[in-house]
Amino acid sequence: MALFRKKGKAGEKEMSFLQHLEELRWHIIRSILAIVFFMILAFIFKNFLFDHVILAPKNPAFFTNRLLCHLGEIFNTPSLCINTKPLNLININMSGQLTTHFAVAMVAGLILAFPVVLWEFWKFFRPALKPKEAKYAQGTVFAASGLFFIGVAFGYFMLSPLSIHFLSTYEISAEVTNQINIRSYISTLSSIVLATGLIFELPIITFFLTKVGLITPTFMRKYRKHAIVLIFIIAAIITPPDVFSQTLVAIPLLLLYEVSIFISTGVMKQKEKDREEFFKDDDEKTETATS
């Protein structure tokens, strides 16, 4: 069974089904090795990873906390001054800190290796693409990596401090004291960062869904109001239940939706252009054959 074309020294040749699986296996292995490599790096640099990255958003000196507090002073809004008191975390399991170290290193490895994993999948599917499609897809790999890291940065610098402040200060009674476990803190931080990183992939998802014909810019414009409602629901899920945080998340998501409509329009125009060129070439071949 012939599948993808693979260029070799003897020119192009068809890959068999088993060769296809073997090629996929090596791409998966290289992706796993990249994740393990970054995981080991994260594990080694424990002090920097925890003191300056993981635990930083809860401290008053964190960039976002200082910025919002400064804005609160300018606009006379004390509620913007968040995380003014250091948050103390506890560990309640004998091996809790060790397992937390491994878990954080794994998440860090997944985030840092994301471009490598995308590149490996791109190299696997590249032989099945036409030259023009391959050119666009290669750019998509870099765009997807950039959007993912922008989303991760947005979740880390903007959403995480707001979520930590709200969840750590919320109380049902003055008689109940919050003693927050380190695993709970890291789970909240990781879910926010990964969720925003994946949500920021919306333009890339739109690109491929338009390419395969599942959505069109007309469809996206028609259901824009529904999308706005859905975006605010998503924002409410991944943020604390306050209007400021939800709006802060919803605004970039709305912008991403509008960008996705623009991308979908461009893809449709390119598909129409390719269709016209195809029929033009077909007509020219027909005229040549009849003459």
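The values are calculated or read from the model by the stated rules, or taken from the named source; none is laboratory data. In this text the structure is predicted, and so the values were computed from the model without any measurement. Note that we place each Cβ from the backbone using ideal geometry, even for glycine, and neighbour counts take in every protein chain shown.
What the table below lists for this structure:
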{"read-out": "Set Gly155, Gly197, Gly213: member being on the phi > 0 side of the Ramachandran plot and not aliphatic (A, V, I, L, M)", "value": "Gly213"}
{"read-out": "Pairs where the first residue, in the range 253-279, is modelled with pLDDT under 85 and the second is surrounded by 14 or more Cβ atoms within 10 Å (Cβ to Cβ), C-beta under 7 Å, 6+ apart", "value": "Val267/Phe207; Val267/Thr210; Val267/Lys211"}
{"read-out": "Residues of the range 165-216 that turn out to be in a helix (DSSP H, G or I) and more than 30 Å from Val259 (Cα to Cα), as a count", "value": "11"}
{"read-out": "Positions within the range 39-62 being in contact with a Leu (Cβ under 9 Å, 6 or more places away or on another chain) and either surrounded by fewer than 16 Cβ atoms within 10 Å (Cβ to Cβ) or more than 24 Å from Val116 (Cα to Cα) (or both), in sequence order", "value": "Leu41, Leu55, Pro57, Lys58, Asn59"}
{"read-out": "Of all residues in the range 229-242 being closer than 19 Å to Tyr156 by Cα and part of a helix (DSSP H, G or I), the one that is modelled with the lowest pLDDT", "value": "Ile238"}
{"read-out": "Complete set of residues in the range 41-66 that are touching a residue at least 60 places away in the same chain (Cβ under 8 Å) and more than 22 Å from the chain's Cα centre (by Cα)", "value": "Phe43, Lys58, Phe62, Phe63, Asn65"}
